[in-house]
Amino acid sequence: MELVKRYIAAVQRELPDTKRDEIGRELHANIMDQLDALQEQKGQLTDFDIAAVLKSMGHPRAVAEQFVPPQPLISPSYMRLYKHTLFMVLGILFLLQVVDSTSAWLSSQMGLLGYLHSLASGFLQDVLLAFSSITLTFWLMSRYSPAQDRKYQQNWQPELLPEAGPGWQHIPLQDIFTDLATYLFLLIVIWHPLWLSQEQLEASRFLLTDSAHQLLKWASPLPLLGIANSLWQLRQRLWNKQMLIANVLLNAAFGIAILLLATVDPLLNLDPGAWQGVFELHQLERAAVTGLVITAMFPLWEVLRDILRLRKG
């Protein structure tokens, strides 16, 4: 029975110290019952027969996990709150990084690649710190507050559950924070001259002409309304009729504003010498106008999508 002893010892090595003896005795009794039943059928058992029985029971680690299931890093009852907190914190950090990187970009000679690198590297550093801190907090909560965990599961009311609706009714957090970052980016681009010195303004790389910039200033209430709309979505997290109507009006206004911007002539404030031999200025103008028209299709698509949702609802 040396194989049985080795098998039980292998299982016990995967178990907590406080449960090794108890589970070892239970497992030994279970194995011996199976071997006794097999011996009644076949007579004397060989090491091959014993090994076949042990193999049918499974790997020692798998058997140990049947007796003592592995404890997840985050308690399942905390997992939804953990993910919600993680998305919220990372979303806020992303917004702050957009503000910081965009301000640095507009007030320096930093190129587009430098801006994207600043945005990505700064956000990645914040992500590592936030992820580690939040995960450690919820790990401690999962280990040292089981009573609060059970209380959270018990203290709920069926009457407070939201109404059943289609799958699209839920608003993902990533969509909300992406919109918020876009609106903040627009506001910074429009109003960045307010906090820049004259030297910084002369060194900035703002490509739009004064007439195009003036049109953006007239449209600046739209990003403010967009921020308010996104905060409303963040509070509700479910589409309703009023929210869909507000989104239709806001995106329609954005689409019109972008198309109006595409009609401004000239649109770009370019230095001919910097682009000589690379592009003709009219080609750059045409590319910028085409890009604006394509960009306008996104909010207009959301207008069509939300109108269809309103008709179905």
(request) Rank these by accessible area, largest first, 1.4 Å probe: ARG311, ARG13. (result) ARG311, ARG13
(request) Compute, for ILE245, the solvent-accessible surface of its heavy atoms (probe 1.4 Å) with the complete set of protein chains present, and express it in square angstrom to the nearest 10. (result) 70
(request) Convert each backbone phi in the range 172-182 into a coupling constant with the Karplus relation 6.51 cos²θ - 1.76 cosθ + 1.60 (shift: θ = phi - 60°), then list the ³J(HN,Hα) values in order as whole Hz, x for Gly and Pro. (result) x, 4, 5, 5, 5, 6, 5, 5, 4, 5, 5
(request) Report PHE123's accessible area, 1.4 Å probe, all protein chains in place, as a number in Å² to the nearest 10. (result) 50
(request) Note the full-extension length gain between LEU234 and LEU81 as 0.36 nm times their separation in residues minus their Cα-Cα distance, in nm to one decimal. (result) 53.6 nm
(request) Run the 1.4 Å probe and let me know the accessible area of ASP179, rounded to the nearest 10 Å². (result) 50
(message) Modelling each spin label as a point 7 Å along the Cα-to-Cβ direction, I'd like the LEU259/THR209 distance in nm, to one decimal.
(response) 2.2
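Work out, step by step, the length gained on full extension between THR135 and GLN71: first 0.36 nm times the residue separation, then minus their alpha carbon distance; give nm to one decimal.
Stretched out fully, the THR135 to GLN71 stretch lengthens by 21.5 nm.
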(request) Considering Cα pairs under 8 angstrom that are at least six residues apart, work out the relative contact order of the range 1-92 and quote it in whole percent. (result) 36
(request) For LEU208, list long-range residues whose amide hydrogen, built 1.01 Å from N in the peptide plane, is under 5 Å from its own amide hydrogen. (result) ASN269
(request) Enumerate the calculated ³J(HN,Hα) couplings along the range 213-218 in order (Karplus 6.51 cos²θ - 1.76 cosθ + 1.60, θ = phi - 60°), each rounded to whole Hz, writing x wherever the residue is Gly or Pro. (result) 5, 5, 4, 5, 4, 5
(request) First compute the accessible area of the range 1-97 with a 1.4 Å probe, then give the percent of it belonging to carbon and sulfur atoms. (result) 56
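The values are calculated or read from the model by the stated rules, or taken from the named source; none is laboratory data. Just so it is clear, the model here is predicted, and its values are computed rather than measured. Positions of Cβ are backbone-derived with ideal geometry, glycine not excepted, and every protein chain shown enters the neighbour counts. Please note that ligands, DNA and RNA were not included when accessible areas were found on the heavy atoms of the full protein model with its side chains. Shrake-Rupley method; radii C 1.70, N 1.55, O 1.52, S 1.80 Å.
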